[in-house]
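Below is one structure, written out as structure tokens; the observations come after it.
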């Protein structure tokens, strides 16, 4: 092959955030006119590769060539001018403008800066390629997510992008809509465009992509033609060998006679849960196994009173929790460590001390007046318990490492042993040491009799730290398994199989 | 991935950053001290107990409003209706003092203010509208109510049982100054020593985190607006009793002065951080500038101009310091 056929060439690209290296020695050739898939587990670095090509991240090392020209440090705007457009998981449209205005934003038909007619005709021409059937005058704010995504794609096509990066394009589409998207991708390919397709949905990838790069832990495992790959071969190379992390020994599971602390029966919610039933007993660690958008976090939020149940029932200690609010949940000893610690967990304008106290102010106050000495003692106890560094009661949490921030967040709930602890991605973005400490903490809490619901994108983590697991897909629990008998391969295979087996049901996923 | 972005990076520019932080932390106090020293040299009549107490006394109503407004702003809110509440409280107190009972009038001002503040808070949380818009609108409504109460006329209130609040002294110190100090201490206590204060910081710093910690964020917001309204009412009563005249247009523009003072003191307009003493310092700084202009007999045209420039400089300093963090 000659160089002209290579749309994007990456050589030895590396990228770090702080101390964490997220990409290592990435070398990939994306051929012009091909649909090239990037696959890997969460955190493997596939979205980051897309963002480097799209100009959102600058590579620390290595070179990126676009259409034969080496580029360094460029912005999404520069990327667009070079014909690279990225379509995001979080879409970037102006909601108050119409479809037409969004598609031609910055490219309006104009004469000396004065808007003139002509956009509509251009829109119709575009529609011949795209065949989306969108109303050009509809306000984007009123469109469904799938339709907004179409607007975004039209925008890329209108800019005559030659390279289009799609990050999880089908995650919010129904099966039918996904098929239409794939038909469009085929048309774009026929016109010589290069598509970089980042996705979890292996079926979609196998059916629609020409080439595939498998990534793991920020590295490229291999790049090959799609011919010859199967779902199994992709899953195998995505997972690779087991990592060296050791797992703490789990306490014995509670006896079968122990009544459950928490029981969900056929619970549905507006956030996409569809007939979820589960139980968690005191001292038991229960894991939710599923991909992003399968409804894992939504179960946690329902249990915590953060989202409303639309049908089904929720029993806590045998009592109906029909009108649970977060405030009542906390009073009853429920705790949720949310997924995004900076956005949902910590108050970064404040120091360690108020962050640790935030959920249990009643315990350190009388008639609403705080007892500073008791508060200090509690926070010091937590700092020692978790080994939080720096060892400062009034440390500036905003500047802590990810692991220490997470420990502060865990302290908020650990300081008064909760009855139910819901952990959503407890070890995301933390270093190995903090991760081990967090794992030990989970076991400690179970030993102390806390019921634990563990949610993690790392299936390995869930399986090794849980007594029982529920397998999830599309807002449903489709199987229950004892985690001692489960391995990662089997779990992933069952999930992918479930996804494939269920094409009729429209995905109700909220990414 | 983004959360590891700011990890334990040792700060190489310790001197510059720490100077910036110091300026951000105590900038307003530094300027106040500089002004005190400068004005003392410039005029013999400046650094006297009488003049300084006079400054305090004159700024008491504004300072009371700024103290409570600090809690609103730390909680992530904004209150543009304090001037109008001041007006409603003024005329209500005047009316009650004459027609009902002067002591009841003194009590009525803060209570009415608290009620109007509660209305603000209920609209803001009930409809989920930004406090800026809600209080902008209610300030027009409240001002209209103030005018309706008197029919647009002024109410002279010459009753000793009422005017002591704004005019009397205990020893050397004006009653209004004592009220200000007590109110300031109360706000500081609420903010720093109570669970309520903690929740205010959390709601303003990260509302979602506060919510997910079991805090009833809406209730906290409503309470801050109640305090702000109550303070505006108290300030209104003090002002009426001082000038013995209740007028519906009283307190026009006071809300902006209060906001300027809070910001000048260094409380973050983004919410989540700040302090009551800062806002009082902001008020004093503005008052000192005014006093300096009077004492030095400078064209008062320059007063607002200077105040404005100092606010811009202070805010720019604070912003650059927080960027370098």
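Data table
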| read-out | value |
| --- | --- |
| Filter result for residue A:50 (more than 24 Å from the chain's Cα centre (by Cα) and assigned by TED's automatic domain parsing to the domain that holds residue A:219) | no |
| Close pairs from the stretch B:22-51: first within 16 Å of residue B:317 (Cβ to Cβ), partner exposed (fewer than 15 other Cβ atoms within 10 Å of the Cβ) and at pLDDT 85 or above, Cβ under 8 Å, at least 6 apart | B:23/B:30 |
| Some residue of the stretch A:416-433 being more than 21 Å from residue B:210 (Cβ to Cβ) and outside any loop (DSSP other than H, G, I, E, B) | yes |
| Flag for residue A:89 being surrounded by fewer than 22 Cβ atoms within 10 Å (Cβ to Cβ), outside the structural domain of residue A:459 (by TED's automatic domain parsing), at pLDDT below 90 and part of a loop (DSSP other than H, G, I, E, B) | yes |
| Qualifying residues in the stretch A:344-386 (those that are in contact (Cβ under 8 Å) with a residue 24 or more places away in the chain and over 26 Å from residue B:193 (Cβ atoms)) - the one nearest to the other protein chains (Cβ to nearest Cβ) | A:386 |
| Of all residues making up the stretch A:347-376, the number that are in a loop (DSSP other than H, G, I, E, B) and touching a strand residue (DSSP E or B) at 6+ places or on another chain (Cβ under 8 Å) | 2 |
| Single condition residue A:440 does not satisfy, out of (1) under 27 Å from the mean Cα position of the chain (by Cα); (2) part of a helix (DSSP H, G or I); (3) within 30 Å of residue B:268 (Cα to Cα) | (3) |
| Extreme residue, surrounded by the fewest Cβ atoms within 10 Å (Cβ to Cβ), among residues of the stretch A:21-45 that are within 12 Å of chain B (Cβ to nearest Cβ) and closer than 25 Å to residue A:185 by Cα | A:42 |
| Criterion: within 21 Å of residue A:224 (Cα to Cα) and assigned to a helix (DSSP H, G or I) - qualifying residue of A:8, A:49, A:13 | A:49 |
| Within the stretch A:180-197, tally of residues that are in a helix (DSSP H, G or I) and either under 23 Å from the mean Cα position of the chain (by Cα) or at pLDDT 85 or above (or both) | 10 |
| Residues (more than 25 Å from residue A:373 (Cα to Cα), in contact with a helix residue (DSSP H, G or I) (Cβ under 9 Å, 6 or more places away or on another chain) and either facing chain A (nearest Cβ under 9 Å) or part of a loop (DSSP other than H, G, I, E, B) (or both)) located in the stretch B:169-203 | B:172 |
| Enumeration of residues in the stretch B:126-152 that are over 23 Å from the mean Cα position of the chain (by Cα), assigned to a loop (DSSP other than H, G, I, E, B) and without any contact (Cβ under 8 Å) to a residue 24 or more places away in the chain | B:128, B:151 |
| Members of the stretch A:326-343 that are assigned to a loop (DSSP other than H, G, I, E, B), more than 7 Å from chain B (Cβ to nearest Cβ) and closer than 13 Å to residue A:455 by Cβ | A:339, A:340 |
| Residue in the stretch A:441-460 that is at pLDDT 90 or above, closer than 22 Å to residue A:217 by Cβ and not assigned by TED's automatic domain parsing to the domain that holds residue A:383 present | yes |
| Residue A:161 under 28 Å from residue A:53 (Cα atoms), touching a residue at least 60 places away in the same chain (Cβ under 8 Å), touching a strand residue (DSSP E or B) at 6+ places or on another chain (Cβ under 8 Å) and not in a helix (DSSP H, G or I) | yes |
| Per-region count, the stretch B:228-274, residues within 14 Å of chain A (Cβ to nearest Cβ) and crowded, with 24+ Cβ neighbours inside 10 Å | 3 |
| Residue check for residue A:170: outside any loop (DSSP other than H, G, I, E, B) and either closer than 30 Å to residue A:237 by Cα or in the same structural domain as residue A:53 (by TED's automatic domain parsing) (or both) | no |
| Count of residues meeting criterion [exposed (fewer than 14 other Cβ atoms within 10 Å of the Cβ) and under 14 Å from residue B:61 (Cβ atoms)] in the stretch B:154-177 | 0 |
| Unmet requirement for residue A:389, which otherwise passes all of (1) in a loop (DSSP other than H, G, I, E, B); (2) more than 9 Å from chain B (Cβ to nearest Cβ); (3) surrounded by fewer than 23 Cβ atoms within 10 Å (Cβ to Cβ); (4) without any contact (Cβ under 8 Å) to a residue 40 or more places away in the chain | (2) |
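Table: residues versus (1) in a helix (DSSP H, G or I); (2) under 17 Å from residue B:277 (Cβ atoms); (3) within 14 Å of another protein chain (Cβ to nearest Cβ); (4) modelled with pLDDT of 90 or more.
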| position | (1), (2), (3), (4) |
| --- | --- |
| B:17 | yes, no, yes, no |
| B:20 | yes, no, no, no |
| B:46 | no, no, no, no |
| B:54 | yes, no, no, yes |
| B:61 | yes, no, no, yes |
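Conditions tested, residue by residue: (1) outside any loop (DSSP other than H, G, I, E, B); (2) out of contact with any strand residue (DSSP E or B) (no Cβ under 8 Å at 6 or more places or on another chain); (3) without any contact (Cβ under 8 Å) to a residue 12 or more places away in the chain.
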{"site": "A:234", "(1), (2), (3)": "yes, no, no"}
{"site": "A:237", "(1), (2), (3)": "yes, no, no"}
{"site": "A:257", "(1), (2), (3)": "no, yes, yes"}
{"site": "A:260", "(1), (2), (3)": "no, no, no"}
{"site": "A:265", "(1), (2), (3)": "yes, no, no"}
{"site": "A:278", "(1), (2), (3)": "yes, no, no"}
{"site": "A:286", "(1), (2), (3)": "yes, no, no"}
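The values are calculated or read from the model by the stated rules, or taken from the named source; none is laboratory data. Quick caveat: nothing in here was measured; it's all calculated off a predicted structure. All Cβ positions, glycine included, derive from the backbone under ideal geometry; neighbour counts span all protein chains shown.
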